[in-house]
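Participant: Pasting a structure here, questions to come.
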Amino acid sequence: MTETLASPPAEAAPGPELALGGLAAPASARAVPVYFGEGDESRFGWLHLPEATTARAAVVLCPPLGIEALNAHWVYRRLASELAASGVLALRFDYRGTGDSSGEADGVAGLVEDVAAAIRFVRDCGAPRVGLVGLRVGATLAAAAAESEPVDALVLWDVCSGRSFLREQRALKLLSVGPSADAPDGAVELLGMVLPKDVADELRATALQPSEAPRARRSLLIERPERPRDERLRRALEHEELELLAAEGQHEFIDVEPGYSQPPERVMKDLVHWLDAQFPAERVPVLNAGRESAVVRAGDGSCHTERTEVIATHGLAAVLTEPARRDPAAPVAFFLNAGLIHHVGPGRLWVDLAREFAARGIASVRFDLRGIGDSDGAEAPIRGAYPPEALADVAAAIAHYCPGGARDAYLVGLCSGAYHAAEAAIALGARAVGLLNPALFFDPAELRVPREDDAAPTAGAGIAMNPLVRWMRSKRVLLDLVEWRPIRTLRHSPRLTAMLDGAYLLWAAADRLGIAKSPLRVMEALAAAEVDTLLVCGSWERRPFARWRKRTRALEQTGALRYVSFTSDDHTFFEAGNRRRAAALVCEQATKALAGR
């Protein structure tokens, strides 16, 4: 057993350097969306093919569960790209009932079978050797699958038992959004994930046992240095040729909400080096043995078709959910990224809505903006949730799927996605827009530094800030002022907050001077463009609209705006009850848009 792994063996070919964001894979390496598995129980994945479609081996990347899978998405994409660049076929996939896959999660045994199916799939592609990488619970599942499907290399990254996973994720949820008031009896609700009682009980009892050793030629165990060593796990692997690596930066990577995750660059680099050293240099031809589409079921049991493609003009990864019987009068729904979460949405909200829309005869598209998720540019260092090309990307998606123009489009977004949806609806004239907890209260970078190319936006949802206020913010004058202790104390006074929120004339003057912009400008611009608008706000997000309540009520009376507020601080709708309520409102608006054509 090797205690530490600092670099690959001297005789091994050096692997690719991996910095934050890494190096882009060569043009000859490519990623293609695939579906594998039988019937309507298909798993979805991305197959990263090496140069000349020949490979030394294949590596299957087994994701963690719940919110941890969202944090791992970008890291797994980078790992897969780097492996393909080194001549290794890589597959990253979603378990059934998670991500873009169809079907329902079938307990721990079903998850293990999903890993085994992924191993068989890459062998069907022609891979002569197979490696497995599992992260968190994904490591436990990978080790279990390796009992029946022996592999050449096994990476267990920050292994956790099902009990530890549930305990840590429940604590994170309580700290983030508090307890759930309406979770089903016996169910365990985590951030963005609800586990039925029987599945939670089964997962709670899941752990690697010394008597259940995976069958792998070589293994790499990546452990957190700040935690006690798991001697039982080491005994389970002691018959293997085992190497150890410290999981540096794991807390900042996996134990946070999406958007705050920091990729563990050193671990990623060493992991790729280790896998690169496990396989000989000889390559064999490989092929894509997957399918281009899959059958998915809606909540009512009806079957529909999903396919993933890349819109060539902008390199946008998009999933089209096509209803079995499409209503020709229906708009096409477009679901935009919520922050840095890829196109599945928080808690699979966009996936569930897409399949619900299909049951109503409405086609839908969930896609990633450039630089986010699976679209082009996501290999580069993360730039944030407001890429300046966003408006051009939404326009490209609409042009691709709506031959009749934007008037056939219904745009839905959450947080930054709501901002982009509003901007595109104003600029392009969409039929309807659903804005969930919209982020409309900032000074967009693209308005501060206008561009001449296709990324230049229209000044619709983006409203330039007063130059004096912008200067004060840049010099931290305003920030230091509001954080001054006496001011901070007053800001947290409920009585003063209520008084300020009710000072309509004060806020009207601040809006006119550009000191505190009114989000009602956006709603009024949407009304002027004849866009039917649904606005859903939580406890924090509704405060600015309450300050300009007269203008809000005036718009509601015209019928151009429907405004609904929740008593919740769950901004990203990671709580299941909020997702259900938001989904019902969006479906209701889609039905209205269909009837009003």
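The values are calculated or read from the model by the stated rules, or taken from the named source; none is laboratory data. All figures in this text were calculated on a predicted structure; none of them were measured in a lab. Don't worry about glycine lacking a Cβ; one is built from the backbone with ideal geometry, like all the others, and counts go over all protein chains shown.
Participant: Hey, can you tell me all the residues within the range 279-322 that are under 16 Å from Leu353 (Cβ atoms), buried (at least 22 other Cβ atoms within 10 Å of the Cβ) and of a type outside the set (A, V, I, L, M, F, W, C)?
Facilitator: His304, Glu306, Thr321
Yes or no, residue by residue, for (1) closer than 20 Å to Met193 by Cα; (2) surrounded by fewer than 24 Cβ atoms within 10 Å (Cβ to Cβ):
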position	(1), (2)
Ala90	no, no
Tyr95	yes, no
Asp114	yes, no
Ala118	no, no
Arg123	no, yes
Gly126	no, yes
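Participant: Next up: Among the residues of the range 232-270, write down those that are more than 24 Å from Val151 (Cβ to Cβ) and acidic (Asp, Glu).
Facilitator: Glu248, Glu252, Asp255, Glu257, Glu265
Participant: While we're here: Return the only residue of Val75, Val112 being in the same structural domain as Pro280 (by TED's automatic domain parsing), of a type in the set (A, V, I, L, M, F, W, C) and over 26 Å from Leu369 (Cβ atoms).
Facilitator: The conditions single out Val112.
Participant: Continuing with this model, one more query. Can you pull out every residue in the range 416-456 that is more than 18 Å from Glu524 (Cα to Cα), modelled with pLDDT under 95 and either touching a Leu at 6+ places or on another chain (Cβ under 6 Å) or not in a helix (DSSP H, G or I) (or both)?
Facilitator: Those that are more than 18 Å from Glu524 (Cα to Cα), modelled with pLDDT under 95 and either touching a Leu at 6+ places or on another chain (Cβ under 6 Å) or not in a helix (DSSP H, G or I) (or both): Asp443, Pro444, Val449, Pro450, Arg451, Glu452, Asp453, Asp454, Ala455, Ala456.
Participant: Then there's this: Can you tell me how many residues in the range 40-92 are assigned to a strand (DSSP E or B) and closer than 21 Å to Ser161 by Cα?
Facilitator: So the count comes out to 3.
Participant: So Leu18 passes all but one of these: (1) at pLDDT 95 or above; (2) not assigned by TED's automatic domain parsing to the domain that holds Ser219. Which condition number does it fail?
Facilitator: Looking at each condition in turn, Leu18 falls short on (1).
Residue by residue, here is whether (1) in contact (Cβ under 8 Å) with a residue 24 or more places away in the chain; (2) over 17 Å from Val412 (Cα atoms); (3) aromatic (Phe, Trp, Tyr) holds:
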residue	(1), (2), (3)
Leu506	no, yes, no
Ala510	no, yes, no
Val522	yes, no, no
Asp532	yes, no, no
Gly538	yes, no, no
Arg543	yes, yes, no
Lys550	yes, yes, no
Ala554	no, yes, no
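Participant: Of these, Ala183, Ala118, Ala127, which one is over 18 Å from Asp94 (Cα atoms) and modelled with pLDDT of 95 or more?
Facilitator: Unique residue meeting the criteria: Ala127.
Participant: A further question on this structure: With the range 291-332 as the region, which strands (runs of 3 or more DSSP E) entirely inside it contain at least 3 residues that are under 21 Å from the mean Cα position of the chain (by Cα) and not hydrophobic (A, V, I, L, M, F, W, C)?
Facilitator: Ranges flagged: 303-311.
Participant: Mind listing whichever residues of the range 577-597 are under 27 Å from the mean Cα position of the chain (by Cα), farther than 21 Å from Ala439 by Cα and touching a residue at least 60 places away in the same chain (Cβ under 8 Å)?
Facilitator: Across the range 577-597, the qualifying residues are Gly577, Cys587, Ala590, Thr591.
Participant: Anything in the range 211-227 that is more than 32 Å from the chain's Cα centre (by Cα), modelled with pLDDT under 70 and surrounded by 14 or more Cβ atoms within 10 Å (Cβ to Cβ)? List them, or say none.
Facilitator: Correct list: Ala213 only.
Participant: How many of the residues in the range 550-565 are in contact with a helix residue (DSSP H, G or I) (Cβ under 7 Å, 6 or more places away or on another chain) and either over 16 Å from Asn437 (Cβ atoms) or buried (at least 20 other Cβ atoms within 10 Å of the Cβ) (or both)?
Facilitator: Qualifying residue count for the region: 7.
Participant: Next question, about the same structure. Picking from Val351, Val344, which residue would you name as being out of contact with any Ser or Thr (no Cβ under 7 Å at 6 or more places or on another chain), assigned to a helix (DSSP H, G or I) and at pLDDT 95 or above?
Facilitator: After applying the criteria, what remains is Val351.
Participant: With respect to Arg136, is the statement that it is out of contact with any His (no Cβ under 6 Å at 6 or more places or on another chain), free of Cβ contacts under 8 Å to residues at least 60 places away in the same chain and among the charged types (D, E, K, R) true?
Facilitator: No.
Participant: Somewhere in the range 576-585, is a residue under 17 Å from Ala422 (Cβ atoms) and surrounded by 21 or more Cβ atoms within 10 Å (Cβ to Cβ)?
Facilitator: Taking every residue of the range 576-585 in turn, at least one turns out to be under 17 Å from Ala422 (Cβ atoms) and surrounded by 21 or more Cβ atoms within 10 Å (Cβ to Cβ).
Participant: Under 29 Å from Arg170 (Cα atoms) and among the acidic types (Asp, Glu), is that true of Asp511?
Facilitator: In short, no.
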